[in-house]
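The values are calculated or read from the model by the stated rules, or taken from the named source; none is laboratory data. Given the structure is predicted, the values throughout are model-derived calculations rather than measurements. A quick note on method: Cβ atoms are made from the backbone with ideal geometry, for glycine too, and the neighbour counts reach across all protein chains shown.
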């Protein structure tokens, strides 16, 4: 038995018959291709469908990566979700040592580059503050450009890809692989820090 905590945010629906007896419960990942409306279309037999969002934690897996029937959150439907996530995490764990070593090399290359020379943007992010909803002068959305020296753009993009691969994972050390960047703010107003 493999003990590994996997937490998934899921939506699920319960079908009840005319006598309010539970007919079926079906789980699917939030933001998956299935929606509650699609699920309801497939449930022609049940006059009542309730939908919920919840978080499930799975912790007991067999040596073959299957969710154990002894797991507190076990059901046939959510076992598929848990097993898919278990496989994804296991694959990440197999490559973490190699990826971390490469990330540290890239970090050193970027951090030792000349930041006084020409800079290139490797990422652009817009502000999503409610303050911008009014529009008009001095209310345009702020844009933040993350920049590195032009000579290390390739390395920075590769490092970003490695870090993104482990996003949302607790197994990767993001602090250890953080690298120096310059943030350029493009806006038609002061950012309010006086």
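List of remarks:
- With respect to (1) under 22 Å from the mean Cα position of the chain (by Cα); (2) not in a strand (DSSP E or B), the lone exception for residue 115 is condition (1).
- Selection count, region 118-140, where residues are more than 22 Å from the chain's Cα centre (by Cα) and at pLDDT below 90: 11
- When region 141-169 is limited to residues that are farther than 16 Å from residue 103 by Cβ and modelled with pLDDT under 95, the one that is surrounded by the fewest Cβ atoms within 10 Å (Cβ to Cβ) turns out to be 168.
- Residues that are touching a helix residue (DSSP H, G or I) at 6+ places or on another chain (Cβ under 6 Å) and not assigned by TED's automatic domain parsing to the domain that holds residue 174 do occur in region 67-87, at least one of them.
- On inspection, residue 105 fails the criterion of being in the same structural domain as residue 176 (by TED's automatic domain parsing) and surrounded by 15 or more Cβ atoms within 10 Å (Cβ to Cβ).
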